[in-house]
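Note sheet for the following structure.
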Amino acid sequence: MTEKASLKEKIGYALGDAAAGGITWKIMSIAFPLFFTNVFGLTFADAATLMLVARMFDVITDPLMGSLADRTQSRWGTYRPWLIYGAIPFGLVFALLLYTPDFGPVGKRIWAYSLYLLMMALYTAVNVPYGSLLGVMTSDDNEKNQFSSFRMVGAYAMGFITLLSFPYLQHFVGGSEQHQYAVLGAFFGAIAALGTLACGLLTKERLKPVRAEKFSAQPFIDLFKNKPWIYLTLIGICTNFFNGFRYAVAGYLFEYCLHGNVTISGLIINYTVFMTFGELTCMIFGGVSPKFTEWVGSKRKAFRWAAIICLVFSILFFFVPMDPAYIWVMVGAVILTSIGIGLYSPLLWSMYADVADYATEKNGTSSTGLIFSSGTMAQKFGTAISGSLVALFLGLAGASMITDEMGNTSVDPASITDSVLNMVWSLFSLFPAGIALLIVLLTYVYPIKK
């Protein structure tokens, strides 16, 4: 029997996703699409292409990182050294990505592409080992669920703080939007680096992976013979498509459909604060998820019911009038949708641990890092492709750019027609609803019944 994990260790593990999921990924998901087109100055086509290129890059780097992490040996263990030594570069590059250099259009495009790809590589180098830690910290299934729950609560709690504080910090910093994003990038990048480092130092690796010391193609071949992995990866991609559409389009929803920030009794509700209501709900129901799973009877049943909640309330959001007067109805729909997200989020990573155990039992060697890398790849693939599709669909609906005499681009206000507004509203509601329906169907065929 392995040593029981302490509360300090569970909090330490939560700090890892508070840094990655609650700060860097949350800002990249919700702020980057609007930042790149409306602040940095990329065209919709450039922003869409950037995210698509990065995803093709991740298809290669994520599984390679998982395989490399599985074979790492150091005094810090197998997976923790990647967190400890990767923390500072991770925070630094994130900060630089939110800085707008005084370059021409070509120079800015090179800056954005180079740093975005580097950020994705560093995110992979930190987050794949972080996810893989779950497979070596404990062999107890209940403790795995607890670690997953702490992870999601940490991510959503920090996401809540990040998104709620963002507009107020912008106001406090002052100056141009470019200056605001640069200062906040440095601030949040430093916090992300500290959280990642703390996670690496506070956690323990109690289990030793059964290593396949030499690199070979066999683990990759075995992966595609692993039916639970195939279905769970599809589910993971869908969950991140679901979240990705909503986060990527939220900024446009406020900018165009609601005509900017909504102020009620001194409370500034912009797109980050709007999604904060969902973050708080996810944090609460992420903590409830283990008990909900026990009550329902299995992880896949719990996942299915959570996806049904997301499906129903995403559809209902579409019928809310596109009017700032209905802002609290919109907030209510976001809260109810987020109940489902909060319930299924911890389950996904706990189920990846089940798939890793299944693979070890079947193949005789550990491929924990490789399997968890697919979870990270699904996260980045689903979120960034949805962000890319948002830019693409807005362009198809008629949104276009204009160029000033200096060669800088910005959105043409005259191009924001009813067609664009309806597209934005659908991307926040009906598109995610379709993805939620697909998740429900996939949980029926997922074969592990724990």
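The values are calculated or read from the model by the stated rules, or taken from the named source; none is laboratory data. As the structure is a prediction and not an experimental result, all values here were calculated from the model. Because the Cβ atoms are built from the backbone with ideal geometry, glycine has one as well, and the counts that use them run over all protein chains shown. The protein model used for the area step is the full one, side chains on, heavy atoms only, and it has no ligands, DNA or RNA in it. Shrake-Rupley method; radii C 1.70, N 1.55, O 1.52, S 1.80 Å.
Table for the structure above
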item	result
Residues of segment 70-112 satisfying the condition of being open to solvent by less than 20 Å² (accessible area, probe 1.4 Å) and hydroxyl-bearing (Ser, Thr, Tyr)	Thr78, Tyr79, Thr100
Subset tally (residues that are open to solvent by less than 40 Å² (accessible area, probe 1.4 Å), in contact with a Phe, Trp or Tyr (Cβ under 9 Å, 6 or more places away or on another chain), part of a helix (DSSP H, G or I) and within 18 Å of Tyr13 (Cα to Cα)) for segment 183-205	5
Complete set of residues in segment 34-90 that are within 29 Å of Gly104 (Cβ to Cβ), of a type in the set (Ser, Thr, Tyr) and assigned to a helix (DSSP H, G or I)	Thr37, Thr49
Some residue of segment 127-138 being within 20 Å of Phe90 (Cα to Cα) and either of a type in the set (A, V, I, L, M, F, W, C) or surrounded by fewer than 24 Cβ atoms within 10 Å (Cβ to Cβ) (or both)	yes
Failed criterion for Gly175 (all others in (1) outside any helix (DSSP H, G or I); (2) over 25 Å from Thr272 (Cα atoms) hold)	(2)
Among (1) polar (S, T, N, Q); (2) open to solvent by 10 Å² or more (accessible area, probe 1.4 Å); (3) assigned to a helix (DSSP H, G or I); (4) in contact with a helix residue (DSSP H, G or I) (Cβ under 6 Å, 6 or more places away or on another chain), the one test that Ser165 misses	(4)
Qualifying positions in segment 314-333 - closer than 18 Å to Met423 by Cα and assigned to a helix (DSSP H, G or I)	Ser314, Ile315, Leu316, Phe317, Phe318, Pro324, Met330
Segment 1-20, residues that are surrounded by fewer than 23 Cβ atoms within 10 Å (Cβ to Cβ), assigned to a helix (DSSP H, G or I) and of a type outside the set (A, V, I, L, M)	Lys8, Glu9, Lys10, Gly12
Long-range neighbours under 8 Å by Cβ, at least six apart or interchain, first residue more than 11 Å from Arg304 (Cβ to Cβ) and open to solvent by less than 20 Å² (accessible area, probe 1.4 Å) within segment 429-441, second among the charged types (D, E, K, R) and assigned to a helix (DSSP H, G or I)	Pro432/Arg246
Cross-chain or 6+ apart pairs with Cβ under 8 Å, segment 97-119 first and farther than 19 Å from Ser29 by Cα and part of a helix (DSSP H, G or I), then polar (S, T, N, Q) and open to solvent by 60 Å² or more (accessible area, probe 1.4 Å)	Pro105/Asn408
Breaking point among (1) outside any helix (DSSP H, G or I); (2) crowded, with 24+ Cβ neighbours inside 10 Å, for Ile23	(1)
Odd one out for Phe319, checked against (1) open to solvent by less than 10 Å² (accessible area, probe 1.4 Å); (2) more than 21 Å from the chain's Cα centre (by Cα)	(1)
Every pair of residues 6+ apart whose Cβ atoms lie under 8 Å, when the first sits in segment 373-402 and is under 29 Å from Pro129 (Cα atoms) while the second is open to solvent by 10 Å² or more (accessible area, probe 1.4 Å) and modelled with pLDDT under 70	Ser374/Leu223; Met377/Val59; Phe381/Val59
Selection within segment 123-160 - farther than 30 Å from Phe57 by Cβ, touching a helix residue (DSSP H, G or I) at 6+ places or on another chain (Cβ under 7 Å) and in a helix (DSSP H, G or I)	Lys144, Asn145, Gln146, Ser149, Phe150, Val153, Ala157, Phe160
Breaking point among (1) in a helix (DSSP H, G or I); (2) under 24 Å from Gly434 (Cβ atoms); (3) touching a residue at least 60 places away in the same chain (Cβ under 8 Å), for Gly287	(2)
Top-ranked residue of segment 30-87 - restricted to ones that are aromatic (Phe, Trp, Tyr) and more than 19 Å from the chain's Cα centre (by Cα), ranked as farthest from Leu118 (Cα to Cα)	Trp76
